[in-house]
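In what follows, a single structure is set out as structure tokens and then discussed.
The values are calculated or read from the model by the stated rules, or taken from the named source; none is laboratory data. Model, not experiment: these values are computed from the prediction. Please note: Cβ atoms are built from the backbone with ideal geometry, for glycine as well, and neighbour counts cover all protein chains shown. Ligands, DNA and RNA are excluded from the accessible area calculation, which covers all protein heavy atoms including side chains. Shrake-Rupley method; radii C 1.70, N 1.55, O 1.52, S 1.80 Å.
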Amino acid sequence: LSSNDRSLMGVTWVTLDDVDSFVEYGTSKRNLDQKIEGVTNTYHSASWIGTIHRATMSNLKPGTTYYYRVGGKSRLVNGWSDIKQFTTLSSDVEKVRFAVIGDMGYGPNSDNTIKRLTSLVEEGKIDAVIHSGDVSYADGFENHFDDFLIKIEPIASRIPYMVSPGNHEFWFNFSSYKNRFYMPGV
């Protein structure tokens, strides 16, 4: 969620190089009829290399399934992601179902939690995740953040994955947290 306006949905992704930053989306997998350009940024803590892309889809209807892909065509390759899908929150604020977790790392100790959360998403039993700190246990090793984000992609690409920082995010003045996550008001 990129704001309290439910007609908006934010998406972020990372590429190794600074390439096109677009999102194509629509209510049909075969007709991604809306396109927006994203913005990019990066940071260099612990010698991390990459480009973080951020875009906001707009004019979304409540309780509606949307399909989207991120990327764009570069000079050398067709740089589009696979088509993903998400369903916007309903207009009934009292019916939003959350999974609340914390202290989940990039390593194998989180495998069962990821598996269960993925099942809950696929079964339509949760609408959003709140990860209340200690996101990835990267502890200054930026590639561990990459590993973690790849690991949660089946969840975070389909429902809002909202995070708050914990003590494991303090490395480099919270630079990973500040740059990688798309939270309301940030």
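So which residues in the range 9-37 are open to solvent by less than 50 Å² (accessible area, probe 1.4 Å), part of a loop (DSSP other than H, G, I, E, B) and hydroxyl-bearing (Ser, Thr, Tyr), if there are any at all?
SER21
With of a type outside the set (Gly, Ala, Ser), at pLDDT 95 or above, over 18 Å from PHE174 (Cα atoms) and not in a loop (DSSP other than H, G, I, E, B) as the only criterion, which of ILE159, ILE155, ILE126 stands out?
Going through ILE159, ILE155, ILE126 in turn, just one is of a type outside the set (Gly, Ala, Ser), at pLDDT 95 or above, over 18 Å from PHE174 (Cα atoms) and not in a loop (DSSP other than H, G, I, E, B): ILE155.
Which one of these does LEU89 not meet: (1) outside any helix (DSSP H, G or I); (2) under 14 Å from the mean Cα position of the chain (by Cα)?
In the conditions (1) outside any helix (DSSP H, G or I); (2) under 14 Å from the mean Cα position of the chain (by Cα), LEU89 misses (2) alone.
Output the residues belonging to the range 60-85 that are more than 22 Å from PHE145 (Cβ to Cβ) and modelled with pLDDT of 95 or more.
Of everything in the range 60-85, those that are more than 22 Å from PHE145 (Cβ to Cβ) and modelled with pLDDT of 95 or more turn out to be LEU60, LYS61, THR64, THR65, TYR66, TYR67, TYR68, ARG69, ILE83, GLN85.
Against the condition under 16 Å from the mean Cα position of the chain (by Cα), surrounded by fewer than 17 Cβ atoms within 10 Å (Cβ to Cβ) and within 20 Å of VAL163 (Cβ to Cβ), how does ASN109 come out, does it pass?
Considered against the rule, which asks whether it is under 16 Å from the mean Cα position of the chain (by Cα), surrounded by fewer than 17 Cβ atoms within 10 Å (Cβ to Cβ) and within 20 Å of VAL163 (Cβ to Cβ), ASN109 comes out as no.
Take the range 114-160 and flag every residue that is in contact with a Phe, Trp or Tyr (Cβ under 9 Å, 6 or more places away or on another chain), more than 23 Å from SER81 (Cα to Cα) and open to solvent by 40 Å² or more (accessible area, probe 1.4 Å).
Within the range 114-160, ILE130, TYR137, ASP139, PHE141 meet the criteria.
Across the range 162-186, which residue is nearest to the chain's Cα centre (by Cα) among those that are in a helix (DSSP H, G or I) and among the small types (Gly, Ala, Ser)?
Among those that are in a helix (DSSP H, G or I) and among the small types (Gly, Ala, Ser), it is SER176.
What are the pairs, 6+ residues apart or on separate chains, where a residue within the range 164-179 that is at positive phi has its Cβ under 9 Å from a residue that is open to solvent by 30 Å² or more (accessible area, probe 1.4 Å)?
PHE172/ALA46; PHE174/PRO165
Every residue, every condition in (1) touching a residue at least 24 places away in the same chain (Cβ under 8 Å); (2) β-branched (Val, Ile, Thr), yes or no:
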site: VAL23; (1), (2): yes, yes
site: TRP48; (1), (2): yes, no
site: PRO62; (1), (2): yes, no
site: ASN78; (1), (2): no, no
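Among residues belonging to the range 41-79 that are aromatic (Phe, Trp, Tyr) and part of a loop (DSSP other than H, G, I, E, B), point out the one that is nearest to PHE174 (Cα to Cα).
Our first condition is that a residue be aromatic (Phe, Trp, Tyr); within the range 41-79, this holds for 43, 48, 66-68.
Next, from what is left, pick out any that are part of a loop (DSSP other than H, G, I, E, B): 43, 48.
Numbers: TYR43: 11, TRP48: 14 Å.
Looking at the filtered set, the residue picked out is TYR43.
Would you be able to tell me the number of residues in the range 85-95 that are of a type in the set (A, V, I, L, M, F, W, C) and either out of contact with any strand residue (DSSP E or B) (no Cβ under 9 Å at 6 or more places or on another chain) or surrounded by fewer than 13 Cβ atoms within 10 Å (Cβ to Cβ) (or both)?
1
Looking at this structure, is ASP82 among the acidic types (Asp, Glu), surrounded by fewer than 16 Cβ atoms within 10 Å (Cβ to Cβ) and part of a loop (DSSP other than H, G, I, E, B)? Can you show your working first?
Working: among the acidic types (Asp, Glu): yes; surrounded by fewer than 16 Cβ atoms within 10 Å (Cβ to Cβ): yes; part of a loop (DSSP other than H, G, I, E, B): yes.
Yes.
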